Amino acid sequence: MDNIIRVDNLTFEYPEQEQLFKKLSLSIERGSWTAIIGQNGSGKSTLARLIDGLLEAESGTITVDGKVVNEDNLDFVRESIGMVFQNPEDQFVGATVEDDVAFGLENRQVSRPSMIETVQKRLKDVGMWDYRESVPANLSGGQKQRVAIAGILAVNPKILILDEATSMLDPKGRQDVLKLVAELKEKNNLTVISITHDIDEAALASRVLVLNRGKLLVDDIPSNVFNDEEKLVELGLDAPFTTRLANRLSERNVSMPDKYSNKEELVQWIMQLNSKR
Amino acid sequence: MDNAVEFKEVSHVYQADSPMAADALSNVSLSIKAGSFTAVIGHTGSGKSTLVQHINALLKPTAGEVKVLGKAITPDTSNKNLKSFRKHIGMVFQFPEKQLFEETVLKDVMFGPKNYGESEQNAELLAKEALNMVNLPAANFNKSPFDLSGGQMRRVAIAGVLAMKPEILIMDEPTAGLDPRGHHEIMNLAKRLNAEGVTIILVTHQMNDVTNYADDVLVMEQGKLIKHDGPRKVFSDPTWVVDHQLNLPDSASFALELASQGFNFNELPMTIDELADSIAGGSMNE
């Protein structure tokens, strides 16, 4: 298996706090979409920052696309990973939308013609080309995140990490951003890691990791993780709507499938029961 | 007193040509009953925040009259009179933890009561009571608020508002960015306060919270109040809801999915239990 990220025996703690990670190991396959879920304080964002070299591990190694994350390889690691943070306000540097997208390219001394071409392409990719001359402050939250993603894609990362990137958006903004990420992943063969406590966002992944106080408690496919309402609630999370509905129907003596169903599957199941009554 | 809040033909125009102009209110008349749990919903930029900022006099109307707890604010009200006005109206802003500033949790929560003239001793009592209400363990009282987790910081900020014993509590997306447990804690706190008689005004994008907690709904669009009704009535016309770029609660949207395949509902279910009852009834009977 081709693992683009490997974490081996990672140990880390913040000053004057309990140890967060104690010999944590995991790997992420190239081209996959992985959701990392867990409560506030579970270590999700810290893990992302360690992988990106924004924080330094106490012991253990992290490898990104074949290179160990350390001071010597920091440029390589940062080129490989694009991070989208929770608050779009915190990541704007340009006076206009197109300046902002060009920023990363200017830093890399890309020639002007190629810069203009890339900015145009990426703003079109995220559906924000019409807003190229707008001031970022005047955009909605979802639009800001789309511009932030354009800026990240402009420098061609292999890995996209969404760190609660949709948690401040209204429902429509959230849907727009997630749909965009799914499209871009296919087009650019990206590896996506989404750190979230939104269970519907996690449902888009092919693999779900549950972190709790720095420990990897669950590593499974979404349908297995989502079917256990009791466990999710115990971990401070919510089960998806369909799981909660299926459990409430079971309580009312309606027979339910014993595995996780998405919305379409559950609708079909109920209609079949209804036709047989 | 019956109404906690009354708006009479209230308009608010921000300075002309400013980029905020779209957020203004135009000719809004409404009343909010004392003791109600009122949700304010609408698309981003619809005027929800502008509306609630008139209720605690952060903004004065540029036309019309706002009456809160019997006191009137008009465009001519002098700013000097607004402080006493605000005392009984608590406002929890979006991301309220950004406003924490004191050295310790306790001092931060005491700031409000002291600012309104309570003695050190009384302020401490009020602060401790408020921190208990938000379920923050006493072990944290003397910590720096900045050493707490995001969810705990949020609760400290809310305690700072509760320590003033507001009669009206306005919450502007109080659970944005919180994990599900944090979300339930804050919503249950609002429910508890409401049961104790506090009028709750909740600005939210989460329609499940509207049907689970609110008994009255204001729908804003482009600065206008386009609907004011109970949650069941507001969501009973799905076409109207979608036309106004709003979402349905999960239960209603799932029920519509079933209905489109021929399942009969007497009434569109608004909560997961109502939905489960309808399905169990439909498939078990006959």
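The values are calculated or read from the model by the stated rules, or taken from the named source; none is laboratory data. Keep in mind it's a predicted model, so treat the numbers as computed, not measured. FYI the Cβ positions are ideal-geometry reconstructions off the backbone, even for glycines, and counts take in every protein chain you see. Remember, those area values only see protein heavy atoms, side chains included, never the ligands or the DNA or RNA. Shrake-Rupley method; radii C 1.70, N 1.55, O 1.52, S 1.80 Å.
So what is Rg over Rh here for chain B, counting just Cα atoms and using Kirkwood for Rh?
Numbers: Rg = 20.5 Å, Rh = 20.3 Å.
Across chain B, the Cα-based Rg/Rh ratio is 1.01.
Our analysis of region B:71-228 gives Rg over Rh at 0.98, with the two radii drawn from alpha carbon positions and Rh computed by the Kirkwood formula. Can you list the residues in region A:1-50 whose accessible area drops by at least 30 Å² when all protein chains are present, compared with the chain alone? Use a 1.4 Å probe, heavy atoms only. Correct list: A:GLN39, A:ASN40.
Can you tell me what percent of all Cα-Cα pairs in region A:31-159 are more than 24 Å apart?
Working: 2975 of 8256 pairs.
Summing the P(r) tail past 24 Å for region A:31-159 gives 36 percent.
Within a Cβ distance under 15 Å of B:ILE89, other residues only, what is the Lys/Arg minus Asp/Glu net charge? Before the final figure, lay out each step's value.
Numbers: positive: B:LYS60, B:LYS67, B:LYS71, B:LYS83, B:ARG86, B:LYS87, B:LYS165; negative: B:GLU6, B:GLU167, B:ASP172.
Its environment carries a net charge of +4.
Each of A:GLY214, A:PRO257, A:LEU232 was scored by the projection of its Cα onto the charge dipole of region A:191-277, and the greatest displacement toward the positive side belongs to A:PRO257; charges sit on the C-beta of Lys, Arg, Asp and Glu. When we measure straight from the Cα of B:LYS67, which aspartates and glutamates land under 16 angstrom away, once same-chain ones fewer than 8 places off are left out? Candidates past the 8-residue exclusion: B:ASP2, B:GLU6, B:GLU9, B:ASP76, B:GLU167.
Surface composition of the protein assembly as shown: carbon plus sulfur atoms contribute 45% of the solvent-accessible area (1.4 Å probe, protein chains only, all chains present).
Working from the alpha-carbon coordinates of region B:151-247, get Rg over Rh, Rh being the Kirkwood radius.
Numbers: Rg = 14.4 Å, Rh = 14.6 Å.
With Rh from the inverse mean 1/r over Cα pairs, Rg/Rh is 0.99.
Inter-part distance, region A:201-277 to region B:215-286, computed on C-alpha centroids, equals 22 Å. Summary of the geometry: region A:114-155 and region B:130-196, compared by the centres of their Cα atoms, lie 37 Å apart. Rg then Dmax, both in Å and based on the Cα atoms of region A:132-249: 16.1, 52.
Under a Gaussian network description of chain A, with springs only between Cα atoms under 10 Å, the residue in A:GLU186, A:GLU229, A:GLU79 that fluctuates furthest is A:GLU186. Averaging 1/r over each pair of different alpha-carbon atoms in chain A and inverting the result gives 20.2 Å, the Kirkwood hydrodynamic radius.
Accessible surface of B:LYS67, taken over heavy atoms with a 1.4 Å probe and every protein chain present, rounds to 70 Å².
Largest first, the residues B:ASP147, A:ASP258 sort by 1.4 Å accessible area into A:ASP258, B:ASP147. Projected label points at A:GLU71 and B:LEU256, each 7 Å from Cα along the beta carbon direction, are separated by 5.8 nanometres.
Ignoring ligands, DNA and RNA, how do B:VAL161, A:VAL101 rank by accessible area with a 1.4 Å probe, largest first? Each step should come with its number before you reach the end.
Values: B:VAL161 25, A:VAL101 0 Å².
So, going from the largest accessible area down, we get B:VAL161, A:VAL101.
With the convex hull of its Cα atoms as the shape, the protein assembly as shown has an orientation-averaged projected area of 28.7 nm².
Looking at chain A alone, DSSP beta bridges between its own residues are antiparallel in about 50 percent of cases. Normalised by 2.2 N^0.38 Å, where N is the number of residues, the alpha-carbon radius of gyration of region B:1-110 equals 1.16.
Positive end of the dipole of the protein assembly as shown (Cβ unit charges, origin at the Cα centre): among B:LEU218, B:ILE41, A:ASN3, the Cα lying farthest that way belongs to B:LEU218. Rolling a 1.4 Å probe across all protein chains gives A:TRP269 an accessible area of roughly 90 Å². As a length-normalised measure over Cα pairs under 8 Å and 6 or more apart, the relative contact order of chain B settles at 22 percent. Put A:ASP176, A:ASP125 in order of accessible area, highest first, and with a 1.4 Å probe you get A:ASP176, A:ASP125.
Which percent, nearest 5, of DSSP beta bridges in the protein assembly as shown are antiparallel?
Details: 37 of 72 bridges.
If I count the DSSP bridges inside the protein assembly as shown, around 50 percent turn out antiparallel.
Report the charge-dipole magnitude of the protein assembly as shown in Debye, nearest 20, computed about the Cα centre from +1 at each Lys and Arg Cβ and -1 at each Asp and Glu Cβ.
Values: 58 positive and 80 negative charges, 112 e Å.
Roughly 540 debye, rounded to the nearest 20.
Here r is the Cβ-Cβ distance between A:THR61 and A:GLU89 and R0 is 41 Å; the resulting FRET efficiency, rounded to 0.05, is 0.75.
Taking the charge dipole of the protein assembly as shown about its Cα centre, with +1 at Lys and Arg Cβ atoms and -1 at Asp and Glu Cβ atoms, the residue from B:ALA72, A:ALA246, B:ASN194 reaching farthest to the positive side is B:ALA72.
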